Every structure is written in C-alpha cells, then in structure tokens.
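> Here you go, one structure.
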Amino acid sequence: MVVGAVVLGGVTRLTESGLSMTNWHLIKGMKPPHSDEEWKEEFERYKQYPEYKYLHHEMTIEEFKWIFYMEYGHRMWGRAIGLVFALPAAYFWKKGWFSKAMKPRVIIYGSFLLFQGLLGWYMVKSGLEEPNKEHDIPRVSQYRLASHLGSALALYVLMLWSGLEHLLPQPKNPVAASRLLPLLKKSAHFSLAMVFVTALSGAFVAGLDAGLVYNTYPKMADRWIPDDILAISPTWKNFFENATTVQFDHRLLGTSTACIVSAVWYFSRRVPLHFRARLASRFMVAMVATQVTLGICTLLYYVPTKLAACHQSGSVALLTYTIWFLNELKKIPK
C-alpha cells in the first residue's frame, strides 16, 4: 500500500491534480461533493487560488471533477494505509504478540505515517500561495515535495526490511566463506544510498518540471554542460532551484547509479552466494537497466504521463530489489 501511495502521488503530480483540494480535514475530508451545488461550491473555492487563475482559468467543472478525484483518491489511500496499519497494530499490541524488539519499530512506523499526512498537507499549502515572482508557475515547493517523497521511501524501506526479516527464512544450504563478502556488503549499501538519492533528485525534477527543459540525450542542446547551469546566484541554489542544473544532476546521478549497481552485480559473481541472493542481484541489475531506459524515453518524448509514471514506479522497484539483495547478504554468515 505504501508503494501504491508513492505511485499514486506521482501520477497526481504529473496530472497537476494535487492542488484541486484546497482544504484538509481528517474526517470531514473523507466525504467528496455529491450534489451539483456541492460541486459548484468546491469549484468556486478552487477558483480563488493561483493554479486556476494562472493555469486552468478555462477549466470546466467536469474537468475539475477529474483532477479532484485524483487528489481525493491519493488522500483516501493515505488514510486507508493508516487504518490498515493502526487497527491490527493496536490489536496485536493488546494481545502481547509483539516482541520487545518489535514494539519500537511499530511506534516508528506509526509516527512516520502520521508525519507523512501532515507533511503532505504542508506541501500542498505551498502550492496554494501566490507565486513570489511575476512569471512563476503555481506549484508546490520542490523542497517539500522531496521531503514528502523521501519520508515515504524511508517508511517503505523500513517496512520492507522488517517484512523480509520475518517472511524469508534463513537459507538451508550454507555457502562457502569468502573474504570478498564484507566488501560486497559495503558496496551494496553504497548502491542503496545512490538509488535513494537519485530518487530524491527525481522529486526536484518533478517539482520544477525540469524534464521539459532539455529533451535531448545524451547531450543537452548539443552541449555536455549547458550554459545556464549556474545561472542563479548564490551558486548553491542552482542545485535545487535551477531546472537546468536539477536535470543535469539527475542525469549524472542516474548514470552513476546504473554504473555502481552494475559493478556490484558483476562483483557479486565472484562471491559464493545462495540462490535467493543471486536472484536478487539479477533482478537489481535488470531493473537498473530498465529504469535508465525509461528515464531516457521519458525525456525524449517530453514527459508523457504514462511513461513518466512508469519511470517513477521504476525507482521504487529498483529500491525494492536493492533492499532485497542487501537483506539476503545479511543472511550469509561472516
């Protein structure tokens, strides 16, 4: 369900639906408009905000309903995750079925879920404010978007790791000890960090619509390094607020991550591994190749929604296989 929330959030951003719901109520917000009068009232409320004034001023109420339901679905999915987690967790806690080590994890997961909901609304609020500059497009803060995505991915990583620990048994057939295993584990951890950071840089690309700046590959408008890569002062702001620099960084991080993951897979062939670990490494390297291909195609075709959604989902799949590979390496005795 956390993966579904990440994917649905990406589609909501790509379809520019995230600012259609201008209020946030935990309980009241669960009921969408039903009558024509309620829809008109909701639409009139939306018209008061910058996105309608500057981007969607020709939107009809039927078009508004579509983007509203996209955002509504995302919010309800988030609430459903909270319920699916909280109700069984409370019951298991009361029955005493959680071990002493598991209880802090449950508290951390619950805190993350609550934080995600609050952070999501904090992000949306940034898009409901008037743009600071005359030619700025109304959009959510890329900083808050990256924080929202990063928090969701961190929650997913923690839950996935815990799930793999409980569901996947220790391999029955031991493998021969190898002096290369510690280095492989360190390399796999580094590849995980690169996958995570690259996914976060994708949030800045999405937040600034940086995928629409240079739609050529491998060069950017016949240049390896564009002229406007450091156009903003002070220099550090370019890495977070300059669409050209953000796209350049994402290209560089994506290519570096692909090379590192491929190198880890190639190096793992020299280390004795059990079947599941070997399988996880193959899925990991296959996914990184797929992800790079999806990224290039998304860029060349001017970020079509379906292709971009597949690319965003691919980052979660790559993160999943990397976590799986690390978990399998942990099961190998030193």
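> Of all the accessible heavy-atom surface of the range 249-334, with the other protein chains kept in place and a 1.4 Å probe, what percent is carbon and sulfur?
70
> Let me ask something else about it. Normalised by the number of residues in the range 96-219, what is the relative contact order in percent for Cα pairs under 8 Å and 6+ residues apart?
28
> Compute the orientation-averaged projected area for the chain from the convex hull of its Cα atoms and round it to one decimal in nm².
Quarter of the Cα hull surface area: 20.2 nm².
> Rounded to the nearest whole Å³, what is the per residue volume of the convex hull around the Cα atoms of the range 8-65?
Values: hull volume 5.5 nm³, N = 58.
Cα convex hull per residue, to the nearest whole number: 95 Å³.
> Going by average Cβ density within 10 Å per residue, which order do the peptides 5-16, 270-281 take, highest to lowest? Walk me through the numbers before you get to the answer.
Numbers: 5-16: 19.8, 270-281: 18.2.
Highest-to-lowest ranking by the protection proxy: 5-16, 270-281.
> Using the alpha-carbon atoms, what tilt in degrees (0 to 90, nearest 10) does helix 102-127 show relative to the longest principal axis of the chain?
It is inclined by approximately 30 degrees.
> What do you get for the angle between helix 181-207 and the principal long axis of the chain? Use alpha-carbon atoms, 0 to 90 degrees, nearest ten.
10
> Positive end of the charge dipole of the range 17-122 (Lys, Arg +1 and Asp, Glu -1 on Cβ, about the Cα centre): tell me which of Tyr72, Leu19, Leu119 has its Cα farthest that way.
With unit charges placed on the Cβ atoms, the residue in question is Leu119.
> I need to check one value: relative contact order of the chain, counting alpha carbon pairs closer than 8 Å and at least 6 residues apart, in percent.
20
> Please turn the phi angles of the range 223-239 into ³J(HN,Hα) values with the Karplus equation 6.51 cos²θ - 1.76 cosθ + 1.60 (θ = phi - 60°), one per residue in order, whole Hz, x for glycine and proline.
3J(HN,Hα) across the range 223-239, in whole Hz: 10, 6, 10, x, 5, 9, 6, 10, 6, 9, 10, x, 4, 4, 5, 4, 6.
> Okay, next question. Between Arg223 and His57, how many nm apart are label points set 7 Å from Cα along the C-beta direction?
3.4
> Follow-up. Roughly speaking, to the nearest percent, how much of the range 133-189's 1.4 Å accessible area is carbon and sulfur?
So the carbon and sulfur contribution to the accessible surface is 61 percent.
> May I pose another question? For Ile232, Ile81, Ile108, what's the largest-to-smallest order of accessible area, 1.4 Å probe?
Ile108, Ile232, Ile81
> Over the range 71-183, what lengths in whole Å, largest first, do the semi-axes of the equivalent ellipsoid take, defined as the square roots of 5 times the eigenvalues of the alpha-carbon gyration tensor?
That gives 37, 23, 11 Å for the three semi-axes.
> Report the label-to-label distance for Leu158 and Leu183 in nanometres (one decimal), using points 7 Å from each Cα along the Cα→Cβ vector.
3.5
> Hey, what angle do you get for helix 36-47 against the long axis of the chain, alpha-carbon based, 0 to 90 degrees rounded to 10?
80
> If you roll a 1.4 Å probe over the heavy atoms of the protein chains, what accessible area per residue do you get for the chain, in Å²?
55
> Taking all protein chains in place and a 1.4 Å probe, what share, in percent, of the accessible surface of the range 3-48 do carbon and sulfur account for?
On the way: 1430 of 2500 Å².
C and S atoms contribute 57 percent here.
> Bin all alpha-carbon pair distances of the range 1-99 at 5 Å intervals from 0 and give each bin's fraction as a whole percent.
2, 12, 19, 20, 16, 11, 7, 5, 4, 3, 2, 0
> I want the local charge near Ile332. Using Cβ-Cβ distances under 11 Å, sum +1 for each Lys or Arg and -1 for each Asp or Glu among the other residues.
Summing Lys/Arg as +1 and Asp/Glu as -1 gives +4.
> In percent, how large is the relative contact order of the range 160-267, given Cα pairs closer than 8 Å and 6 or more residues apart? Walk me through the numbers on the way to the answer.
Details: 68 pairs, mean separation 33.2, N = 108.
Value for the range 160-267: 31 percent.
The values are calculated or read from the model by the stated rules, or taken from the named source; none is laboratory data. Predicted model only: the values in this text are computed from it and were never measured. A quick note on method: Cβ atoms are made from the backbone with ideal geometry, for glycine too, and the neighbour counts reach across all protein chains shown. Only protein heavy atoms, including side chains, enter the accessible area calculation; ligands, DNA and RNA are left aside. Shrake-Rupley method; radii C 1.70, N 1.55, O 1.52, S 1.80 Å.
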